[in-house]
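Please read the structure below before turning to the comments.
The values are calculated or read from the model by the stated rules, or taken from the named source; none is laboratory data. What you are looking at is a predicted structure, and each value in this text was computed from that prediction instead of being measured. Every residue, glycine as well, gets a Cβ built from its backbone with ideal geometry; the counts of neighbours run over all protein chains shown. These accessible areas exclude ligands, DNA and RNA; they are computed on the full protein's heavy atoms, side chains included. Shrake-Rupley method; radii C 1.70, N 1.55, O 1.52, S 1.80 Å.
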Amino acid sequence: MAKSVGILTGGGDCPGLNAVIRAVVRSADAAGWDAVGVREGWRGLVEPIFEDLGPAQVSGILPRGGTIIGTSRTNPFKLEGGVERVLQNFRERELDALIAIGGEDTLGVATRMFEEHQLPVVGVPKTIDNDLSGTDYTFGFDTAVSIATEAIDRLHTTAESHNRVMVVEVMGRHAGWIAVMSGIAGGADVILVPEIPVDFEEVAEAIRKRHARGKNFSIVVVSEGCELPGLEDAGEQDQFGHVILSKRGVGDALGREIEQRTGYETRVTVLGHVQRGGTPTPRDRVLATRFGLKAAELALAGEFGQMAALRGDDVVAVPLAEATAQLKVVTREWYDVAQAFFG
Ligand code: F6P
């Protein structure tokens, strides 16, 4: 009987997931293995919900956003008997290996399942947030930055026409990578990230200075995870205990404060899930494809507890535990590059 590799995508979706699935399925098929889609992240192993995947099912999916096997933020460790059901369903479906494609939460579960329950799992790092420490870049990030940069470019022309301050709220959770990279690429006048405390007066002063030297519009990029003085958390949490940041209204609160302090008319754009949707950039397609090939190579060789990672220009294997040990946040050096153009 042929051996089988399961594939799951967990957490928030991002462009490039289908490219990984395609690469894994094609590799498995070439090696004479069966590939099985585990639907909707860890939920597919808890319930169970499986679907067979072969070259026909993955044909044409390379440029498609989202994930053909669905995703969810299910955490088996938070469900009564969840872990036991994952192990039992894995056994009953006669899977020999599992490839988990996810961010800190999904890969955190993968790490525990490997270390505490010997589940034969290999990880692939995805997230638009680019906040995983074990890899230089995650796929999905480049697409999100491209979308945010295009939005900033578009906001420039309307901001200039109306003499307005435009606040753009971007995603990224507790890491300001999308804000920093799209802000640098889009020539933002102020960039605010969760890693650096926000001082409203400094922001207002940068805008006033800019206007004093004849620029009658400004673009401010703010990361959804920024702590703003006086802004409370919305309270609602997902199964991994994360506050739903998009509901906090960081952009609106900042926009109100800027208008009050500077007197300049201010508008706010919240980019939200647009940053996660649609077709991946070529760079993300290539990175996701390379990660998929590496993960399949590791899984088929029985090298579990590893994650495919980008180091420089090489795709290598790193221990899963290393990937999820700590969040990779914006460094002072990167923020200095952004700050050189403030005001
Ligand atoms: O982790 C990816 C991400 O898009 C974050 O940037 C954002 O905070 C979160 O997911 C949004 O999650 P949801 O789609 O569950 O609202």
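Taking the condition in contact (Cβ under 8 Å) with a residue 40 or more places away in the chain, within 19 Å of the chain's Cα centre (by Cα) and surrounded by fewer than 19 Cβ atoms within 10 Å (Cβ to Cβ), does GLY292 pass? Spell out how you get there, then give the answer.
Numbers: in contact (Cβ under 8 Å) with a residue 40 or more places away in the chain: yes; within 19 Å of the chain's Cα centre (by Cα): yes; surrounded by fewer than 19 Cβ atoms within 10 Å (Cβ to Cβ): no.
So GLY292 does not fit the description; no.
Determine if region 180-201 includes at least one residue that is in a loop (DSSP other than H, G, I, E, B), touching a Leu at 6+ places or on another chain (Cβ under 9 Å), within 16 Å of the ligand (Cβ to nearest atom) and assigned by TED's automatic domain parsing to the domain that holds VAL222. No - not one qualifying residue is present in region 180-201. Within region 141-161, not a single residue is over 30 Å from HIS211 (Cβ atoms), open to solvent by less than 30 Å² (accessible area, probe 1.4 Å), in a loop (DSSP other than H, G, I, E, B) and at pLDDT 95 or above. In the condition set (1) surrounded by fewer than 16 Cβ atoms within 10 Å (Cβ to Cβ); (2) free of Cβ contacts under 8 Å to residues at least 40 places away in the same chain, ARG248 is compliant with all but (1). Applying the condition of being over 15 Å from VAL165 (Cβ atoms) and in a strand (DSSP E or B) to region 202-247 and asking which residue is farthest from the ligand (Cβ to nearest atom) yields GLN237.
Here VAL221 meets each of (1) open to solvent by 20 Å² or more (accessible area, probe 1.4 Å); (2) under 23 Å from LEU155 (Cα atoms); (3) modelled with pLDDT of 95 or more with one exception, condition (1).
Of the residues GLY66, GLY81, only one is within 16 Å of the ligand (Cβ to nearest atom) and not polar (S, T, N, Q); which? Can you show your working first?
Values: GLY81 fails: within 16 Å of the ligand (Cβ to nearest atom).
Exactly one residue qualifies, and that residue is GLY66.
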